[in-house]
Amino acid sequence: MANSLNRQQRQPNPRDRVGPQTSPLAIGPLTLADLKDVMELESVSFPSPWTLATYHNELTRNSRSRYLKVWPVAAAGTTRAAAGLIAQGGFMLFGAEMHIVTIAVLPAWRGRSIGEWLLLALLALGREEGAHTATLEVRVSNEIALRLYSRAGFEAVGYRRRYYPDKEDARILSLTALHRQRVWEPLRERFDVLSALMDRGVEAPE
């Protein structure tokens with residue numbers, strides 16, 4: 001997993017065949033330098049976005065928090081760490097439980113399996129840090145997210161009534177036995193497939 005999360009350090013091979021309308025993507029830790037772009041991503045992703053102060057606290061003071069970002073690899077072989085931010089996600093670690101608190105992809109980049117790739121990267125990171133169970137809340141009306149989590153093996157275990165600021169209910173989802181090979185192996189295989197796809201390049205929005 002460490003090699004997968006360090007893809008941003010890979011220098012593109014001149015023999016790689018990346019079409020003019022595609023962009024290789026990298027994944028790695030979110031940093032304070034990314035927060036301006038994170039705020040823009042929040043504003044187009046959630047009706048009640050988190051504040052800059054919240055993210056600053058998460059990155060500097062919350063020792064339980066882990067955040068990853070996705071960005072395009074520049075054509076010259078360098079990486080656009082801040083200006084190219086297109087997705088981010090994070091979780092909090094409570095012993096053997098990782099609670100996923102956010103996943104967001106820029107609207108123009110959706111439909112390219114980036115959200116699924118990011119989710120699997122978060123699960124891999126949590127598993128490396130000792131997580132046995134992953135949990136999260138999702139809006140009951142968010143059918144796209146519910147399908148994504150279902151494909152990853154999450155199951156509904158309850159509801160939180162009027163959980164969101166607009167009073168919509170949340171469905172509580174859980175993925176158990178993440179530390180078991182029988183659970184993790186198919187997820188790892190899918191993660192590897194998506195990592196290879198992102199490394200080759202996905203269609204970039206016009």
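The values are calculated or read from the model by the stated rules, or taken from the named source; none is laboratory data. Keep in mind that this is a model prediction, so the values were computed, not measured. All Cβ positions, glycine included, derive from the backbone under ideal geometry; neighbour counts span all protein chains shown.
Tabulated data for the structure shown
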item	result
Criterion violated by Ser113 - all others in (1) over 17 Å from Glu97 (Cβ atoms); (2) out of contact with any helix residue (DSSP H, G or I) (no Cβ under 9 Å at 6 or more places or on another chain); (3) not β-branched (Val, Ile, Thr) satisfied	(2)
Filter result for Asn6 (under 15 Å from the mean Cα position of the chain (by Cα), farther than 21 Å from Ala145 by Cα and modelled with pLDDT under 85)	yes
Residue satisfying all of: in the stretch 30-61; of a type in the set (Ser, Thr, Tyr) and outside any helix (DSSP H, G or I); modelled with the lowest pLDDT among these	Ser48
Unique match (being buried (at least 17 other Cβ atoms within 10 Å of the Cβ), touching a residue at least 40 places away in the same chain (Cβ under 8 Å) and not in a helix (DSSP H, G or I)) among Ala121, Ala177, Ala134	Ala134
Arg139 being under 30 Å from Gln21 (Cα atoms), in contact with a strand residue (DSSP E or B) (Cβ under 7 Å, 6 or more places away or on another chain) and among the basic types (Lys, Arg)	no
Of all residues making up the stretch 138-158, the number that are surrounded by 14 or more Cβ atoms within 10 Å (Cβ to Cβ), hydrophobic (A, V, I, L, M, F, W, C) and part of a helix (DSSP H, G or I)	3
Candidate set from the stretch 180-206 (those that are basic (Lys, Arg) and free of Cβ contacts under 8 Å to residues at least 60 places away in the same chain); member that is farthest from Leu125 (Cα to Cα)	Arg182
Some residue of the stretch 88-98 being touching a strand residue (DSSP E or B) at 6+ places or on another chain (Cβ under 7 Å) and closer than 22 Å to Asp199 by Cβ	yes
Verdict on Ile100 being in contact with a Phe, Trp or Tyr (Cβ under 6 Å, 6 or more places away or on another chain), of a type in the set (Val, Ile, Thr) and under 28 Å from Ser43 (Cα atoms)	yes
Glu185 assigned to a loop (DSSP other than H, G, I, E, B) and surrounded by fewer than 17 Cβ atoms within 10 Å (Cβ to Cβ)	no
Residue count for the stretch 165-174, restricted to those that are free of Cβ contacts under 8 Å to residues at least 12 places away in the same chain and of a type in the set (Val, Ile, Thr)	0
Qualifying residue in the stretch 20-29 (condition: more than 16 Å from the chain's Cα centre (by Cα) and part of a helix (DSSP H, G or I))	no
The one condition in (1) closer than 30 Å to Val140 by Cβ; (2) surrounded by 14 or more Cβ atoms within 10 Å (Cβ to Cβ); (3) at pLDDT 95 or above that Leu197 fails to fulfil	(1)
Condition met for Arg66 (touching an Asp or Glu at 6+ places or on another chain (Cβ under 9 Å), modelled with pLDDT of 95 or more and not β-branched (Val, Ile, Thr))	yes
